[in-house]
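The next block holds one structure in the form of structure tokens; read it before the comments.
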Amino acid sequence: MALAGRIRSGISFFKNISVSDSLSSARSYPRGGSLIPALRDYATTSAQKTGNVKVPVALVGESGNFASWLYIAAVKMNSLEKIELDLSEMIEAMKTSPTFAQFTKDPSVPRETRLAAIMDVCDRAKFAEPTKNFLSLLAENGKLKNLDVIVKKFMQLTTAHRGDVKVLVTTVMPLPPAEEKELKETLQEIIGEGKKVTVEQKIDPSIYGGLIVEFQQKVLDMSIRTRAQQMERLLREPVDLSNL
């Protein structure tokens, strides 16, 4: 029960920021134009009919914006599962083919060559049209090098959309089954019913001991490394002898 007590005492909740975007038409995108406006347009295919869609998790950074816009478009077009499957296959292809992965990240490849290759891959793999359009936009603008990060963030959104919560737990050694079960039950209680909690363990000897729990953009750091750093800062602070 000690583990559950540490989790309960350390977690503080923050309101998730809802992100919404209004949209209008994907096909008006001009070649060579800025990718960000193009993605905003791409995500607006059915905005006037369906209204705004809010992303379930607020993401930051350029890759987070791309993932959010793709999510909005996928929900509006009722293609979320298919796009998720397509992108998973794309990432798997990059993992199994170092040559293809290097090709997507090589800035010296001409834009036309990069675009033609991606279009061919999409056609052969029978990817959905929204997936094909999105990958084409990235290829035309030299952003395929960030695809793995974008897809990872997109998967965060699809997981949250289904009501699943992925929790990353970092420890110096694998948690015993009993402690993992206790941790999962505690997190399930905190997060609430109706959401499926999935615990992923990460081993990092550099934290020295304790654990770090990350979920829904929240971080609970109970590692010995962080506590030692906090103690070191405290000891370095000057002592006011006048109060003694």
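Between SER206 and ARG225, the simple label model (points 7 Å from Cα in the Cβ direction) yields a spacing of 0.5 nm. Residue separation of VAL149 and GLU89 scaled by 0.36 nm, minus their Cα-Cα distance, works out to 20.1 nm of gained length.
Sparse packing (at most 10 other Cβ atoms within 10 Å of the Cβ) combined with a DSSP loop state is found for the following trypsin sites (Lys or Arg not before Pro) in the range 105-188: LYS126.
In cubic angstrom, how much convex hull volume per residue do the alpha carbon atoms of the range 62-160 span?
Numbers: hull volume 8.5 nm³, N = 99.
Here the figure is 85 Å³ per residue.
The accessible surface of the range 62-160, taken with every protein chain in place and a 1.4 Å probe, is 53 percent carbon and sulfur.
Given a 1.4 Å probe and heavy atoms of the protein chains only, how would you sort ARG233, ARG225, largest accessible area at the top?
Details: ARG233 140, ARG225 70 Å².
Ranked list, largest accessible area first: ARG233, ARG225.
One equal scatterer on each Cα of the range 163-236, no solvent, Debye formula: the resulting log10 I(q)/I(0) at q = 0.17, 0.26 Å⁻¹ is -0.67, -1.19. Taking all protein chains together, GLU193, GLU84, GLU92 sort by accessible area into GLU193, GLU92, GLU84, largest first [probe 1.4 Å]. Taking each residue as 0.36 nm, the span from ASP106 to ASP120 lengthens on full extension beyond its C-alpha to C-alpha distance by 3.3 nm. With protein chains left intact and a 1.4 Å probe, residues in the range 163-236 average 61 Å² of accessible area per residue. Listed by chain and number, the lysines placed with their C-alpha closer than 26 angstrom to that of LYS126 are LYS76, LYS82, LYS95, LYS105, LYS143, LYS145, LYS152, LYS153; residues fewer than eight positions away on the same chain are left out. Across the range 173-212, the fraction of Cα-Cα pairs farther apart than 15 Å, rounded to a whole number, is 47%.
Under a model in which nothing but the beta-carbon of Lys, Arg (+1) and Asp, Glu (-1) is charged, the range 163-236 shows a dipole of about 300 debye around its Cα centre.
The values are calculated or read from the model by the stated rules, or taken from the named source; none is laboratory data. Here the structure is a predicted model, which means the values were calculated and not measured. Don't worry about glycine lacking a Cβ; one is built from the backbone with ideal geometry, like all the others, and counts go over all protein chains shown. The area values use the complete protein model at the heavy-atom level, side chains included, leaving out ligands, DNA and RNA. Shrake-Rupley method; radii C 1.70, N 1.55, O 1.52, S 1.80 Å.
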